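Heads up: the structure comes next, in C-alpha cells.
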Amino acid sequence: MGLLINVMTFLQKRKTLVLFVGGLLVGLLLGLLFAWVVWPVQWENAAPGHLRADYQRYYLRCVADEYLANGDVGAMQRHLGLDLKAKQNPWVKTPALLGTAMDSAAQEYSDRAPIFQQLKGMVAAPLATAGVTPAAGTTPQPTGGGKLPITTICGLLLVVFALVVGAYFLITRQRAAKKPAPARKPAAPGPAGEAPLVPEEAGGGEPEPVTSFMANYVLGDDYFDPSFSIEVGPDFLGECGVGVSETIGVADPKKVTAFEVWLFDKSDIRTITTVVASEYAFNDPALQAKLAPKGEIVLAKPGAEVVLETSALRVRAIIKAADYAQGNLPPGSFFQRLSLELRAWVKSNPQPPA
C-alpha cells in the first residue's frame with residue numbers, strides 16, 4: 001500500500017513530465033505506423049550508377065559481354081541508363097563517374113579491357129550532347145507527383161486531428177494549473193500544540209472539511225480496501241482509506257474482526273493508522289497484543305470517532321453503523337456491516353514533519 005501511494009504521489013507531482021513522455025511515445029508509434037504501414041517510402045527508377053562499386057564492375061562486364069554478342073549500341077546505352085534523366089543516373093550527370101567505373105572494371109576483368117575502352121569511347125558522344133554540367137553524384141529519388149492515395153489523405157487527417165487534440169489538452173491542463181485557488185480567510189489559532197485548521201464557515205460551528213468520503217463494508221467483500229485522494233484544486237496533498245486489518249476463522253468468506261483506518265500525508269512522508277476493532281477483538285488480550293503495533297485501538301460502535309493527524313492534514317472517521325454477523329464464532333467477533341464517513345481537513349499553518 002505504501003509503495004502504491006508513493007508511486008501515485010510521484011505521478012501527481014510530475015503530471016507535465018508524464019504527459020510529455022506519453023505524448024512523445026504516442027507520436028513515435030504513430031510515426032512508425034505511417035512510415036512502415038500507411039505511407040511507406042518506395043524507390044523507383046534506380047540507375048546502374050547507384051549500385052555499389054563491386055556490383056557496378058560486374059554489371060559493366062555483363063553489358064560488355066552482351067555488346068560483344070549482338071553489337072547493339074542502342075541496347076548497350078539503355079542498359080547503362082544513358083536514356084534516363086540526369087537527376088536519375090549519376091553516370092549521366094557526372095560522366096567522369098562512368099569513366100572511372102569502366103577503368104575499374106577493366107582492371108578487374110583485364111581480358112575485357114579492350115572492349116571497355118571501346119565502350120568508353122562510344123558513350124562519350126551521347127554524354128557530351130546531353131549538355132549536363134558535371135556535379136556530385138545523386139541518389140535514387142522517391143516517387144512523387146500525381147494524386148495522393150486515399151490512405152495517405154486519411155493518415156494526414158488523423159495526424160492533424162491528433163495534434164489538435166493534444167494541443168488542446170495541454171493548453172487546458174496548463175490553464176487549470178495556473179488558475180488561482182480561492183482566497184481563504186486567516187484561521188483562528190487552535191489549542192496549544194495544535195495547528196489551526198481551515199477557516200470556519202459563516203455561522204460558526206465545525207470548520208468545513210476539504211472533502212469527505214463514505215466507506216461501506218459488507219460481509220463477503222474480501223478485497224475491501226477503499227482509498228481516497230485529498231486534493232485542493234490541482235494539488236495532491238495525500239490519501240486516506242480503510243482496509244482489513246485482522247480476520248478470524250478459516251472458512252470463506254473472510255470474517256473481519258478489525259479494520260485499519262489510515263492517513264498518508266505527502267509532505268510528512270509517512271502513513272499513520274488506527275484500528276477499529278470488534279467487541280471480541282477489543283476485549284481479547286491476544287488480539288489486542290497483535291493489533292497494538294498498528295496504532296490506537298478503538299471499539300467499533302455507532303457514533304465512535306477516529307482522529308488521524310499529520311503535520312498538514314487531519315482526518316476524522318465517524319462510525320455510522322456497525323453490525324455483527326451470526327455464526328459458529330463467538331458473538332460480536334466479526335462484522336456483518338460497517339459504515340464509516342471520513343472527513344479531511346487541511347491545516348492552514350502546517351507544522352514541520354516529526
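The values are calculated or read from the model by the stated rules, or taken from the named source; none is laboratory data. Source: prediction; values computed, not measured. Positions of Cβ are generated from backbone atoms using ideal geometry, with glycine treated the same way; all protein chains shown enter the neighbour counts.
So, in segment 291-307, exactly how many residues are under 22 Å from residue 219 (Cα atoms) and not in a strand (DSSP E or B)?
Residues that pass the stated criteria total 6.
Contact list please: Cβ distance under 6 Å, first residue in segment 250-265 and under 15 Å from residue 282 (Cβ atoms), second residue aromatic (Phe, Trp, Tyr) and surrounded by 19 or more Cβ atoms within 10 Å (Cβ to Cβ), pairs at least six apart or on different chains.
As it stands, the answer is 256/334; 256/335; 257/334, since those pairs meet every condition given.
List every residue pair whose Cβ atoms sit under 7 Å apart, with the two residues 6 or more apart in sequence or on different chains, where the first one lies in segment 50-74 and is of a type in the set (D, E, K, R) and the second, anywhere, is not in a helix (DSSP H, G or I).
61/109
Would you point out which residue out of 78, 52 is at pLDDT 80 or above, surrounded by 11 or more Cβ atoms within 10 Å (Cβ to Cβ) and not assigned by TED's automatic domain parsing to the domain that holds residue 273? Spell out how you get there, then give the answer.
Values: 52 fails: surrounded by 11 or more Cβ atoms within 10 Å (Cβ to Cβ).
Checking each option against the conditions leaves just 78.
Among the residues of segment 330-354, which ones are of a type in the set (A, V, I, L, M, F, W, C), part of a loop (DSSP other than H, G, I, E, B) and at pLDDT 90 or above?
334
Against the definition (part of a loop (DSSP other than H, G, I, E, B) and surrounded by fewer than 16 Cβ atoms within 10 Å (Cβ to Cβ)), how does residue 327 come out, yes or no?
Numbers: part of a loop (DSSP other than H, G, I, E, B): yes; surrounded by fewer than 16 Cβ atoms within 10 Å (Cβ to Cβ): yes.
It is true that residue 327 is part of a loop (DSSP other than H, G, I, E, B) and surrounded by fewer than 16 Cβ atoms within 10 Å (Cβ to Cβ).
From the list 247, 310, 271, which one is more than 24 Å from residue 219 (Cβ to Cβ) and surrounded by fewer than 21 Cβ atoms within 10 Å (Cβ to Cβ)? Break it down into steps so the answer makes sense when it comes.
Working: 247 fails: more than 24 Å from residue 219 (Cβ to Cβ); 310 fails: surrounded by fewer than 21 Cβ atoms within 10 Å (Cβ to Cβ).
On inspection, the qualifying residue turns out to be 271.
Report yes if some residue within segment 226-236 is assigned by TED's automatic domain parsing to the domain that holds residue 310, loosely packed, with under 14 Cβ neighbours inside 10 Å, in contact with a Pro (Cβ under 9 Å, 6 or more places away or on another chain) and under 22 Å from residue 312 (Cα atoms); otherwise report no.
Yes.
Report yes if some residue within segment 35-49 is in contact with an Asp or Glu (Cβ under 9 Å, 6 or more places away or on another chain) and touching a residue at least 24 places away in the same chain (Cβ under 8 Å); otherwise report no. Quick ask: steps written out before the conclusion?
Let us first name the residues in segment 35-49 that are in contact with an Asp or Glu (Cβ under 9 Å, 6 or more places away or on another chain), namely none.
Taking every residue of segment 35-49 in turn, none turns out to be in contact with an Asp or Glu (Cβ under 9 Å, 6 or more places away or on another chain) and touching a residue at least 24 places away in the same chain (Cβ under 8 Å).
If you scan segment 278-291, which residues turn out to be of a type outside the set (Ser, Thr, Tyr), in contact (Cβ under 8 Å) with a residue 12 or more places away in the chain and either farther than 18 Å from residue 329 by Cβ or in contact with a Phe, Trp or Tyr (Cβ under 8 Å, 6 or more places away or on another chain) (or both)?
If we filter segment 278-291 for residues that are of a type outside the set (Ser, Thr, Tyr), which is where we start, we get 279, 281-291.
Cutting the leftovers down to in contact (Cβ under 8 Å) with a residue 12 or more places away in the chain gives us 279, 281-282, 287, 290-291.
Selection gives 279, 287.
Here are 339, 333, 278: which of them is more than 34 Å from the chain's Cα centre (by Cα), closer than 15 Å to residue 226 by Cα and hydroxyl-bearing (Ser, Thr, Tyr)? Steps first, answer last, please.
Numbers: 333 fails: closer than 15 Å to residue 226 by Cα; 278 fails: closer than 15 Å to residue 226 by Cα.
Only one candidate qualifies: 339.
Return the residue satisfying two criteria in turn: it lies in segment 178-235 and is charged (D, E, K, R) and modelled with pLDDT of 85 or more, and of such residues it is nearest to residue 254 (Cα to Cα). Steps first, please.
Step one: list which residues in segment 178-235 are charged (D, E, K, R), which gives 178-179, 184-185, 194, 200-201, 206, 208, 221-222, 225, 231, 235.
If we keep only those that are modelled with pLDDT of 85 or more as well, we get 208, 221-222, 225, 231, 235.
On the way: 208: 37, 221: 8, 222: 6, 225: 14, 231: 33, 235: 37 Å.
For segment 178-235, the residue satisfying everything is 222.
In segment 239-271, how many are modelled with pLDDT under 90, farther than 17 Å from residue 329 by Cα and among the aliphatic types (A, V, I, L, M)?
The total comes to 1.
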